[in-house]
Amino acid sequence: MLKIGVLASGRGSNLQAMIDAVGKGELPAQISVVISDQVGALALERARSHGIDARFINSKEYRDKAEYERQIANCLQSYGVELVALAGYMRLLTTELINAFPGRIVNIHPSLLPAFPGLEAQRRALEYGVKYSGCTVHFVELGMDTGPIIAQAVVAVEEGDTAETLAERILVCEHQIYPRVLRWIAEGRVQLDGRRVHIKR
Ligand code: GRF
C-alpha cells in the first residue's frame, strides 16, 4: 500500500477528500502522517480525528529553511513515506525536501497552470477576466507551481462570480481530482516523460 505523507498549513479540505477516498476504498493508499507548519491548522485536527498521526513542526525552532526541511524529510522518512502530497502547504520547497523525495512530491493549485501561479490565484484569474479557470495537480519542482502537470479540471467563470464563489466551485473539483491522481500514482500508472505526464490505462 502506497504510504502518503501530507503537508498542510490550513483548513485541510483536500486532506479530508483524501481521507474520505481512502475510507471509501477509492484510494488504495495509507495516509501515514500529516505535517503542518501551523500549530492551529485544522488539517492537524482532521488527521487526529481519523487516527492519523499529526505533527506540528515549528520553523522557528530551526536555524534556516534547509534545516527545517531536513526535519520534515526526516519525519516523513521515519514513517516510510513514499509520496508527499502538498495540500495547502504555504511554503515554497527548497532542494532539501525535493531531493529527499525526487519525483515523489505532488501539489494541487487552484488555477489552470501555467496561468496564475502563486497566491490568490482565483481572485487574479477573475480580475484578469478569464472565462475558464480550474485546478491543476502537478509534480513539484523548485519553481513556484511549475512542475509537470498530471491532471487538470476546468471550471467556467459565471456572471456575478466573486473570488469566493469561484474558489468554492474550484474546490469541489480539487476534491475530485486530487484523490484520483493519488490513486493513479498508487496504481503505478503515472509516467513522467520530460515535461509530459502520461497516465497508463
Ligand atoms: C486549495 O485551494 C489548494 O488548491 C491550494 O490551497 C488550498 C488548500 O485548501 N494549494 P485546503 O487546505 O485543502 O482546504
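The values are calculated or read from the model by the stated rules, or taken from the named source; none is laboratory data. As the structure is a prediction and not an experimental result, all values here were calculated from the model. So basically every Cβ, Gly included, is an ideal-geometry build from the backbone, and we count neighbours across all protein chains shown. Ligands, DNA and RNA are stripped out before the accessible areas are found, and what is left, the full protein with its side chains, is counted by its heavy atoms. Shrake-Rupley method; radii C 1.70, N 1.55, O 1.52, S 1.80 Å.
Using the alpha carbons of segment 70-121, what is the convex hull volume per residue in cubic angstrom, as a whole number?
So the per-residue hull volume is 85 Å³.
Give me the log10 of I(q) over I(0) for segment 145-201 at q = 0.16, 0.20 Å⁻¹, as the Debye formula computes it from C-alpha points; what are the numbers? For segment 145-201 at q = 0.16, 0.20 Å⁻¹, log10 I(q)/I(0) is -0.61, -0.81.
Rounded to the nearest 20 Debye, what is the dipole magnitude of segment 90-175 about its Cα centre when Lys and Arg each give +1 and Asp and Glu each give -1 at the C-beta? Each step should come with its number before you reach the end.
Numbers: 6 positive and 11 negative charges, 53 e Å.
I would put it at about 260 debye.
Across q = 0.11, 0.19, 0.21 Å⁻¹, segment 9-127 modelled as identical point scatterers on its alpha-carbon atoms has Debye log10 I(q)/I(0) values of -0.39, -1.15, -1.33, in the order of the q list. If only the Cβ of Lys and Arg carry +1 and only the Cβ of Asp and Glu carry -1, the dipole of segment 12-106 around its Cα centre is close to 80 debye. Helices of the chain meeting both criteria, an alpha-carbon length of 30 angstrom or more along the long axis and an average Kyte-Doolittle score not below 0.0, with helices taken as full DSSP H segments, are 163-186. When you filter the trypsin sites (Lys or Arg not before Pro) in segment 108-188 for DSSP loop state and at most 14 other Cβ atoms inside 10 Å of their Cβ, you are left with 131.
Percent of alpha carbon pairs in the chain separated by more than 29 Å?
On the way: 4076 of 20100 pairs.
Looking at the chain, the distances longer than 29 Å represent 20 percent of pairs.
Calculated accessible area for the chain comes out at 50 Å² per residue, all protein chains present (probe 1.4 Å; ligands, DNA, RNA ignored). Go ahead and estimate [θ] at 222 nm for the chain from helices alone: -39,500 (n - 2.57) per DSSP H run with n ≥ 4, summed, over the residue count, rounded to 500. That comes out to -11000 deg cm²/dmol. When a 1.4 Å probe is rolled over the protein heavy atoms, the share of accessible surface on the chain that falls to carbon and sulfur comes to 49 percent.
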